[in-house]
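S.K.: Got a structure for you, written out below as structure tokens; questions coming shortly.
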Protein chains: 2
Amino acid sequence: MYKATVIIKLKKGVLNPEGRTINRALNFLGFNNVKDVQTYKMIDMIIEGDSKEEIEKEVEEMCKKLLANPVIHDYEIKIEKIE
Amino acid sequence: MYKATVIIKLKKGVLNPEGRTINRALNFLGFNNVKDVQTYKMIDMIIEGDSKEEIEKEVEEMCKKLLANPVIHDYEIKIEKIE
């Protein structure tokens, strides 16, 4: 069994309205030293398989087919063996 | 300047409909070896301040006041010094 973690970020230059809103809200609450906020999505998956390389390829395919939008998203994949 | 990363997870036992939906969609697309999917939110903040301890306290307060819902969320905080 493997645990795959995918972090999905907005590409550089793509506006992050959620981050902007959190930033403003924090400033409004008195946290004036917050200068920038970026938000990401993290997906943890438990996957059955034999080799790390095989799982990595599959997760890459999942990102392309479903998890990320290649127009606006970059993604990072980490694979870890678990019991 | 510090970079604070907050990971917001659903508490154990709280249903994650988004994860469930992604799991089903992946199975439907032929990735039948995906057994469980959990989704989290990650927030990166650039914060001005003098000490790591002070920033950590402040971010803890931000989580309580705005970022997380204590009824359903657990959170992890990581602080890192940057230039």
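The values are calculated or read from the model by the stated rules, or taken from the named source; none is laboratory data. In this text, all values refer to a predicted model and were calculated from it rather than measured experimentally. All Cβ positions, glycine included, derive from the backbone under ideal geometry; neighbour counts span all protein chains shown. The area values use the complete protein model at the heavy-atom level, side chains included, leaving out ligands, DNA and RNA. Shrake-Rupley method; radii C 1.70, N 1.55, O 1.52, S 1.80 Å.
S.K.: Which of the residue pairs A:65/B:81; A:3/A:35; A:12/A:57; B:3/B:65; A:64/B:57; A:9/B:57 have a Cα-Cα distance greater than 31 Å in the structure shown? Walk me through the numbers before you get to the answer.
M.R.: On the way: A:65/B:81 36 Å; A:3/A:35 34 Å; A:12/A:57 25 Å; B:3/B:65 19 Å; A:64/B:57 39 Å; A:9/B:57 26 Å.
Table pairs above 31 Å Cα-Cα are A:65/B:81; A:3/A:35; A:64/B:57.
S.K.: Using +1 on the beta carbon of Lys and Arg, -1 on that of Asp and Glu, and nothing else charged, what's the dipole of segment A:2-81 about the Cα centre, debye to 20? Show your work: numbers first, answer last.
M.R.: Numbers: 14 positive and 14 negative charges, 126 e Å.
Rounded to the nearest 20 debye, it is 600 debye.
S.K.: Highest GNM mean-square fluctuation, chain B, Cα pairs closer than 10 Å: which of B:66, B:29, B:15?
M.R.: Maximum fluctuation in the GNM of chain B, among the listed residues, is at B:29.
S.K.: Other chains' Cβ within 10 Å of A:45-55 residues: what's the mean?
M.R.: Numbers: counts 12, 7, 7, 4, 2, 1, 0, 0, 0, 1, 1.
The shielding value for this peptide is 3.
S.K.: How far is helix A:17-28 tilted, in degrees, relative to the longest principal axis of the Cα atoms in chain A, given as a value from 0 to 90 rounded to the nearest 10?
M.R.: 40 degrees
S.K.: Before rounding to the nearest 500, sum -39500 (n - 2.57) across all DSSP H runs of length at least 4 in the protein assembly as shown and divide by the residue total; then give [θ] at 222 nm in deg cm²/dmol.
M.R.: Values: 4 runs with 46 residues, N = 166.
Here the helix-only value at 222 nm equals -8500 deg cm²/dmol.
S.K.: Right, here's the next one. If you roll a 1.4 angstrom probe over the protein chains with everything in place, what fraction of the accessible area of the protein assembly as shown belongs to carbon and sulfur, to the nearest %? Don't skip to the answer; put the middle values down first.
M.R.: Details: 5180 of 10020 Å².
Reported share for carbon and sulfur atoms: 52 percent.
S.K.: Further question: Helix A:52-62 sits at what angle to the longest principal axis of chain A, using alpha carbons and giving 0 to 90 degrees rounded to 10?
M.R.: 50 degrees
S.K.: Here's something else I'd like to know. In Å², and per residue, what accessible area does chain A have when probed at 1.4 Å with the other protein chains present?
M.R.: Values: 5020 Å² over 83 residues.
I get 60 Å² per residue for chain A.
S.K.: So, taking all protein chains as they sit and a 1.4 Å probe, how much accessible area belongs to residue A:76, in Å² rounded to tens?
M.R.: Rounded to the nearest 10, the figure is 80 Å².
S.K.: Given the rotation relating A and B, tell me which residue in A puts its Cβ closest to the axis and the distance in Å.
M.R.: Checking which Cβ lies nearest the axis yields A:42, 3.
S.K.: Based on Cβ point charges of +1 for Lys and Arg and -1 for Asp and Glu, what charge dipole magnitude is obtained for the protein assembly as shown about its Cα centre, in debye rounded to the nearest 20? Can you show the working numbers first?
M.R.: Values: 28 positive and 30 negative charges, 125 e Å.
Its charge dipole is roughly 600 debye.
S.K.: Provide the buried accessible surface between chains A and B in square angstrom, both chains summed, 1.4 Å probe, rounded to the nearest 100.
M.R.: Details: alone 6460 and 6440 Å², together 10020 Å².
For A against B, buried area totals roughly 2900 Å².
S.K.: Ok, one more. In nm, one decimal, shortest first: how far is the label point of residue A:13 (7 Å from Cα along Cα to beta carbon) from the matching points in the other copies?
M.R.: Listed shortest first, these distances are 4.8 nm.
S.K.: Tell me the Kirkwood hydrodynamic radius of segment A:2-81 in angstroms, computed as one over the mean inverse distance between distinct C-alpha pairs.
M.R.: On the way: mean 1/r = 0.0696 Å⁻¹.
Here the Kirkwood hydrodynamic radius works out to 14.4 Å.
S.K.: For Cα pairs less than 8 Å apart in space and 6+ apart in sequence, what is the mean separation divided by the residue count of chain B, i.e. the relative contact order in percent? Before the final figure, lay out each step's value.
M.R.: Numbers: 115 pairs, mean separation 43.7, N = 83.
After rounding, I find 53 percent.
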